[in-house]
Amino acid sequence: MAGGFGADGRMPDGGDPAEAVDAPASAFVFEGSWREFAPIAFTNLLLTIVTLGIYRFWATTRERQYLWSRSRFIDEHLEWTGTGKELFFGFLLVTVLILVPFGVIQLIAQGLIFRGQGGIAAGVFIAMFGLLFYFSGVARFRALRYRLGRTHWRGIRGGSHDPGIRYGLSHMWKYALGYGAIGLMVPWAMVSLWNERWAHMSFGQLRFRSEADFSPLMKRYLLFYLAPLILLIVGFLGIGAIALGIGAAGDFDREELAWGALGGLIAIGFVAFYLLWGLAYLFFYAKYLRVVISEMRLGDDISFGFSASTKDWFRLILGDAGLVLVTLGVGWIFLSYRHWKFFITHLEAYGVIDPEILMQSDTPMARHGEGLLDAFDMGAI
Amino acid sequence: MADRVEASWYDGLTARKREGVAVLAGDRLLLTEDDGTQVALPLQDLRLVERRADGLILTLNDNRGFRLRLPGPIPADMAARLPGENRYGHWIDRLGLPRAAVLFAGISAAALAVVLTLPSWLGPLVPASWERRAGDAVIGDMGNTLCRTPAGDAALRQLSAAIDPQRPLTRVDIANIDMVNAVALPGGRVVVFDGLVQEAESADELAGVVAHEIGHVRERHVMQALLRQFGLSILLGGFNSNVGSGIFGIASTSYTRSAEREADDYARERLAAADISPLGAAAFFERLSEEHGDGPDWAAWVATHPAPSQRQAQFERAAREGADYDPALSQQEFGALKSMCEQDADVEEFYF
């Protein structure tokens, strides 16, 4: 039989991984260290500044080369084969094909406002917004495709035959429906788009599949959805109780002091409101990623898992914030490292893979990088 | 026979790991698998990925799936023929990091300097007629938001002719916008918002504002700002949007401030020539600055002004001791301006 992994991490072609004995049970292991990463991050920062930002495409590439090369899947490290030139080219393409035309359209729309054609201008803005919405869907698809296409493992890469044009339409109508149903169908839109995206992806000759269901997410989503209401009620009740207490006390000397304290409490309540609401989203998002990743399959035999709990996510974000604050912002250059490490550490894979029959992908390779995604300042997977 | 080194590789076609030896053979690297299969790689096609603790990792330029690992020590003759590491990128590797950083910093500083200073030279060179045509194309007649009455139009004409007699091209209008602001727009247009007209307590105050905005037109500040904005947006396009706009803001603010100063200088000069008291402007700028926000986005080119107390003082100093100034407009003419938007029956509300 072909070798199973996830449990013993053994390959069938005798490639007994050196670390097999005391390697953890996970098929994905991150072996990087921030000390090794630091020279890359700092030189990237320097070069990005002195080139007025143009180096950032090469900087991203160097970062990924390092992070991928320190991420082991079973017995072999991943390899990032994308180039800075590709990313730069993708950026130029998006600038010329999308950003410049949109700038011109915006200028025209402003002219229309000046001419008093507010209605037409509003129409132009709405159309522009719709197009941007469409492109952001295409961007997400194409970025995933690009990243899989530049990720090699044992010399094999991933990719997709689909250019993502139709995915952009799905992205539009599914999110429109999700938000249209007073926001209640957003989890459905997220999960269904995740499934659709991955259904078009492959690694080697193996296809990805994802058949996640959104219903397990609804409880947490509703909590997030209703959180503002719940928090407001709790807040008002609390403040009301305190105010009542002050009123009842009726001692004039202390009263002024107490009202001042109440003002402070309201301010604290405001901050707490956003923190708790953010936490409610985290609680939902952690489950979302666990659910969608656990329903993913590669070929017939490989399945995936993601083990990050809300607590893990909270610690990650708290660590990010602390790092950036303590270093007065410089720590920002280590965030990509932390996030990748978090991702790989919590990623799991189970099943069997036979490298004898894993063949190179025949998907087309776009010659440009994820310019679109870049243009929208969007995140990774 | 050249030295053989241990090697393992993936061919980029299947995921099977191949193991054997590598040996230099002329301008090729010959890989011999344990089962005897051979593959010859032209040395110039090889690319060094990384020097790791567990050996050298190489790939092929035209087959990035190909991955060769040479785990053992490399004999000197082979090491000399293998490609060097591609670390920061071709140009930087060739120059070395410190030299490249200094060079890039120099180029960037020069480019920034050009983009920031060139518009001051280029702006005035753009023919006013071009600017007017471009301005008209973008802004048009501002729809039906400009207030018009015969008496008001006459008063505005008189005011602008008094301030700027040689330049009838400059058009001054009052727009039906309830904000305390005035803008100089592309194409030699000065638009005073009705909110400001209502706020003004005398014609002299209004004259000061109009003279200031005409100053922007005459000094070609609008064209300069447009050119600078264009140049910066191209130059800083490499940064992600937040960082870019931050630098953008810092870089352009100093220029708007000096432009404001120039416009004020112009206003004082013209007010003196027209025998209008600068004290009105002083009083108005004082009040305006207290209520002045940043204004709407589309009017960004009028942006930040110098310290208000300083401007006010400068206008106060410009007043001639004991001079008997003429009022900029008669009470009746000033009243015509005040009531212009109210009297214009079919003027429309301006929406953003």
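Observations, loosely collected:
- Accessible-area value, B:VAL39, 1.4 Å probe, nucleic acids and ligands omitted, Å²: 50
- Over segment B:1-48: Rg over Rh, Cα atoms, Kirkwood Rh: 0.95
- Of the residues B:ARG18, B:ARG4, the one with the largest accessible area comes first in the ranking B:ARG4, B:ARG18, computed with a 1.4 Å probe on protein heavy atoms.
- Take the Cα of A:THR327, step 7 Å toward its Cβ, do the same at A:SER215, and the gap between the two points is 4.6 nm.
- A:TRP332 contributes an accessible area of around 150 Å² to the protein surface, as traced by a 1.4 Å probe with all chains present.
- Whole-angstrom Cα spans of the protein assembly as shown along principal axes, big to small: 108, 77, 50
- Computed on protein heavy atoms with a 1.4 Å probe, the accessible areas place A:TYR179, A:TYR225, A:TYR146 in the order A:TYR179, A:TYR225, A:TYR146, largest first.
- Most mobile listed residue (A:ARG338, A:ARG64, A:ARG150) in chain A, GNM with C-alpha springs under 10 Å: A:ARG338
- Between helix A:34-50 and chain A: long-axis angle, C-alpha atoms, 0 to 90°, nearest 10: 70
- Springs between Cα atoms under 10 Å define the GNM used for chain A, and in it the highest mean-square fluctuation of A:ALA27, A:ALA109, A:ALA366 occurs at A:ALA109.
- When A:ILE357, A:ILE105, B:ILE276 are compared by accessible area of protein heavy atoms, the largest-first order is A:ILE357, A:ILE105, B:ILE276, using a 1.4 Å probe.
- With Cα atoms, 0 to 90° folded angle of helix A:252-294 axis to chain A main axis: 20
- Angle in degrees between helix A:335-346 and the longest Cα principal axis of chain A, rounded to the nearest 10: 70
- B/A buried area, accessible surface, summed, 1.4 Å probe, Å²: 3700
- The lysine pair tally for chain A, using Cα distances under 26 Å and a gap of 8 or more places or different chains, is 8.
- Rounded D (µm²/s) - chain A, Kirkwood Rh over Cα pairs, Stokes-Einstein at 4 °C, 1.567 mPa s: 54
- Annotation: average projected area of segment B:133-231 is 6.5 square nanometres, based on the convex hull of Cα atoms across all directions.
- Relative contact order, percent, chain A [alpha-carbon distance under 8 Å, six or more residues apart]: 25
- Cα-based Rg / Dmax (Å) for segment B:4-85: 11.5, 32
The values are calculated or read from the model by the stated rules, or taken from the named source; none is laboratory data. Not measured: the values here are computed from a predicted model. FYI the Cβ positions are ideal-geometry reconstructions off the backbone, even for glycines, and counts take in every protein chain you see. The accessibility values were calculated without ligands, DNA or RNA, using every heavy atom of the protein model including side chains. Shrake-Rupley method; radii C 1.70, N 1.55, O 1.52, S 1.80 Å.
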